[in-house]
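Visitor: Okay, handing you the structure first.
The values are calculated or read from the model by the stated rules, or taken from the named source; none is laboratory data. What you are looking at is a predicted structure, and each value in this text was computed from that prediction instead of being measured. Cβ sites come from the backbone with ideal geometry, for glycine too, and all protein chains shown count toward neighbours. Areas reflect the complete protein model, heavy atoms only, side chains present, ligands, DNA and RNA absent. Shrake-Rupley method; radii C 1.70, N 1.55, O 1.52, S 1.80 Å.
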Amino acid sequence: MSENRTVQKAAGLQGEITIPGDKSISHRSLMFGSLAKGTTRVRGLLRGEDNLSTLNAFRAMGIDIDDRGEEILVHGKGVHGLQEPGDVIDCGNSGTTIRLISGILAGQNFFSVVTGDQYLRRRPMGRVTKPLSQMGARFWGREGGTKAPLAIQGQPLEPIEYSSPVASAQVKSAILLAGLYADGTTRVLEPHLSRDHSERMLRHFGVQVDSFDGGASLVGGQELLANDVDVPGDISSAAFFLVAGLIVPGSELLIRNVGINPTRSGIIDILQAMGGDITLQEERTVGGEPVADLLVRSSSLKGIEIGGDLIPRAIDEFPVVSVAASLAEGTTVVRDAAELRVKETDRIAAMVSELSKVGAQVEAREDGMVIEGVEGLGEGDVVSFGDHRIAMSMAVAGLVAGQEIRIKDTGCTATSFPNFWDLLTSLGAKVSA
Ligand code: S3P
């Protein structure tokens with residue numbers, strides 16, 4: 001759905017907001033709940049379009065998912081309880097849906113076809129179809145089975161020890177899920193630790209998963225037992241408000257219910273290293289995941305160098321980090337982040353082109369960006385490239401623009417953050433359609 005929004009320069013954002021559920025954890029609660037024996041109650045599920053793609057996929061495979069508003073009941077049928085879907089599974093814009101589901105479908109004794117929207121069909125799937133084929137599953141797809149639509153004939157699987165060339169939780173999770181259907185130990189090694197929600201939630205469902213320095217492993221043939229899941233707020237959604245609170249002068253925001261899993265909390269480390277005043281309050285554990293409320297106050301930021309292990313810990317946050325860096329004093333360098341080029345869009349190219357239109361000094365590198373801070377941004381017309389995080393990052397830029405930033409194609413924010421605009425205006429921002 002293509003919409004447009006205009007965001008005006010803001011005077012100061014004040015107030016408290018509660019961040020909606022984590023997208024990654026919401027996907028896994030639906031998937032693992034479907035594969036578990038018994039009923040899983042999920043509270044705080046994100047109802048973003050991506051998660052609805054996962055929900056519809058499992059309904060199409062015979063799982064009864066009962067939406068009661070406050071909570072969702074997933075009536076799981078066990079690891080061997082899925083039925084062959086009668087039609088193509090549409091994963092929409094969701095990389096997590098298509099890649100994790102491919103791992104599950106690899107081990108089923110039926111045929112399935114998965115596809116997605118124009119953006120998902122451009123993204124690399126060889127990173128999962130290659131190791132899953134090595135385990136014995138059969139995949140067909142465009143460009144030698146590396147682009148969706150993908151047709152999958154599940155097979156009895158062999159375990160694998162796989163060294164992933166990229167730090168990707170989607171790759172790691174797909175292989176571990178296929179490993180549940182293999183006879184023996186499946187091990188995934190990764191160059192840097194990616195988010196570990198699958199490992200944590202599989203354990204929450206009673207599966208023994210070994211996490212070690214450099215990867216994770218599990219033994220096939222284990223059952224999942226239903227267990228309730230409380231989904232914490234998504235730090236990747238909170239990130240837009242963290243940056244907004246820092247760069248809009250005179251702001252003070254309390255952002256409640258934010259998941260601060262150490263494999264996801266790189267954005268807090270980055271913004272604090274830039275000089276951002278962010279305080280963690282009421283630290284607690286919700287459903288096996290650490291959570292806190294974050295207090296953020298406007299700050300003068302300075303440029304820093306970002307690379308290495310920090311990249312996967314903040315992988316979805318670089319569009320909004322580039323906005324913060326544009327307003328920081330000095331130079332920010334982002335390196336080791338070539339993965340940004342294969343997200344919902346090429347996020348390096350997208351942020352360089354759109355921020356440049358409003359007066360930022362950003363240069364692309366093959367694996368990152370170099371950003372020279374400027375005094376302020378100008379007004380202008382920008383596009384989202386259909387990418388939710390580009391749209392929301394440019395909205396944050398609009399809060400500090402000369403007068404306003406007009407953003408084209410903002411319907412995509414519903415992918416991960418359906419009430420983003422409402423929360424933004426509740427804090428005093430002026431946004432018009
Ligand atoms: C996700 C993993 C990350 C992230 C994506 C969600 C997940 O992707 O960018 O938004 O839920 O596992 P990669 O695995 O491709 O890094």
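Visitor: Please work out the Cα center distance from the stretch 128-143 to the stretch 386-425, rounded to the nearest Å.
Guide: Using only Cα atoms, the two centres lie 37 Å from each other.
Visitor: Here's another thing I want to ask about it. Starting from the amide H of R365, placed 1.01 Å from N in the peptide plane, find each other amide H under 5 Å away whose residue is 5 or more places distant or on another chain.
Guide: V370
Visitor: Which listed residue (L301, Q403, V166) has the Cα farthest towards the positive end of the charge dipole for the chain, taking +1 on Lys and Arg C-beta and -1 on Asp and Glu C-beta about the Cα centre?
Guide: The one lying farthest along the dipole's positive direction is V166.
Visitor: Give me the 1.4 Å probe accessible area per residue for the chain, excluding ligands and nucleic acids, in Å². Don't skip to the end; give the middle numbers.
Guide: Values: 15220 Å² over 433 residues.
Accessible surface, normalised per residue, equals 35 Å².
Visitor: While we're looking at this one, here's another question. Given H placed on each backbone N at 1.01 Å, which residues far from E329 in sequence or on other chains put an amide H within less than 5 Å of it?
Guide: L301, K302, G303
Visitor: Further question on the same structure: For the stretch 23-230, give me the percentage of DSSP beta bridges that are antiparallel, rounded to the nearest 5 percent.
Guide: That works out to approximately 75 percent antiparallel.
Visitor: Taking the mean number of other Cβ atoms within 10 Å as a proxy for protection, how do you rank 18-27, 160-169 from highest to lowest?
Guide: My ranking of the peptides, most packed first, is 18-27, 160-169.
Visitor: Now for a different question. Give me the extension gain from D67 to T331: residue separation times 0.36 nm, minus the current Cα-Cα distance, reported in nm with one decimal.
Guide: Here the answer is 90.2 nm.
Visitor: Determine the alpha carbon to alpha carbon distance for each of K37/K130; K9/K302; K130/K408; K172/K408; K23/K357 and list only those over 25 Å.
Guide: K37/K130; K130/K408; K172/K408; K23/K357
Visitor: Counting only protein heavy atoms and a 1.4 Å probe, tell me what percentage of the stretch 205-272's accessible area is made up of carbon and sulfur.
Guide: 47
Visitor: Output ³J(HN,Hα) for the stretch 153-170: one whole-Hz value per residue in order, computed from phi by the Karplus curve 6.51 cos²θ - 1.76 cosθ + 1.60 with θ = phi - 60°, and x for Gly and Pro.
Guide: 9, x, 8, x, 9, 9, x, 9, 10, 10, 9, 6, x, 10, 7, 9, 5, 5
Visitor: 222 nm [θ] for the chain, helices only, -39500 (n - 2.57) per DSSP H run of 4+, per residue, to 500?
Guide: That calculation yields -8500 deg cm²/dmol at 222 nm.
Visitor: Cross-link partners among aspartates and glutamates for K430, C-alpha distance below 20 Å, same-chain residues fewer than 8 apart left out?
Guide: E3, E16, E252, E379, D381, E404, D409, D422
Visitor: Which translational diffusion coefficient, to the nearest whole µm²/s, is obtained for the chain from the Stokes-Einstein equation, given a Kirkwood hydrodynamic radius over C-alpha pairs, 20 °C and 1.002 mPa s?
Guide: The calculation lands on 99 µm²/s.
Visitor: Which ³J(HN,Hα) values, rounded to whole Hz and listed in residue order, are derived for the stretch 272-288 from phi using the Karplus coefficients 6.51, -1.76 and 1.60 in 6.51 cos²θ - 1.76 cosθ + 1.60 with θ = phi - 60°, glycine and proline given as x?
Guide: Values, residue by residue: 5, 5, 7, x, x, 8, 10, 10, 8, 10, 6, 5, 8, 10, 10, x, x Hz.
Visitor: Non-local amide H neighbours of L189 (under 5 Å, H modeled in plane, Pro and chain starts lacking H): which ones?
Guide: Those qualifying (amide H under 5 Å, at least 5 residues apart or on another chain) are Y162, S163, S164.
Visitor: How long is the gain from E143 to V342 if the chain were fully straight, where each residue apart is worth 0.36 nm and the alpha carbon distance is subtracted?
Guide: Stretched fully, the E143-V342 segment lengthens by 70.0 nm.
Visitor: Picking from S94, S34, S133, which is most flexible by a Gaussian network model of the chain using Cα springs under 10 Å?
Guide: Answer for the Gaussian network model of the chain: S133.
Visitor: Given R₀ = 35 Å, FRET efficiency for V88-D367 by Cβ-Cβ distance, to 0.05?
Guide: 0.50
Visitor: Helix 388-398 sits at what angle to the longest principal axis of the chain, using alpha carbons and giving 0 to 90 degrees rounded to 10?
Guide: Tilt of helix 388-398: around 10 degrees.
Visitor: Here is a further query. Hey, got the dipole for the stretch 227-284? About the Cα centre, +1 on K and R Cβ, -1 on D and E Cβ, debye to the nearest 20? Intermediate results must be reported in sequence, preceding the final value.
Guide: Details: 3 positive and 8 negative charges, 26 e Å.
The dipole magnitude comes to about 120 debye.
Visitor: Here's something else I'd like to know. What is the distance in Å between the Cα centres of the stretch 273-305 and the stretch 331-371?
Guide: After rounding, the separation between the Cα centres reads 24 Å.
Visitor: Moving to a separate point now. Go through 337-343, 399-405 and give me the packing order, highest mean Cβ count within 10 Å leading.
Guide: Packing proxy ranking, top to bottom: 399-405, 337-343.
Visitor: Karplus couplings for the stretch 341-349 from phi (6.51 cos²θ - 1.76 cosθ + 1.60, θ = phi - 60°), rounded to Hz, Gly and Pro as x?
Guide: After applying 6.51 cos²θ - 1.76 cosθ + 1.60, I find 6, 10, 7, 3, 9, 6, 6, 6, 4 Hz.
Visitor: Let me spell out the model: positive unit charges on the Cβ of Lys and Arg, negative unit charges on the Cβ of Asp and Glu, origin at the Cα centre of the stretch 23-230. What dipole size does that give, in debye rounded to 20?
Guide: With only Lys, Arg, Asp and Glu charged at Cβ, the dipole is about 460 debye.
Visitor: In debye to the nearest 20, how big a dipole does the chain give about its Cα centre with +1 on each Lys and Arg Cβ and -1 on each Asp and Glu Cβ?
Guide: Computed about the Cα centre, the dipole is about 720 debye.
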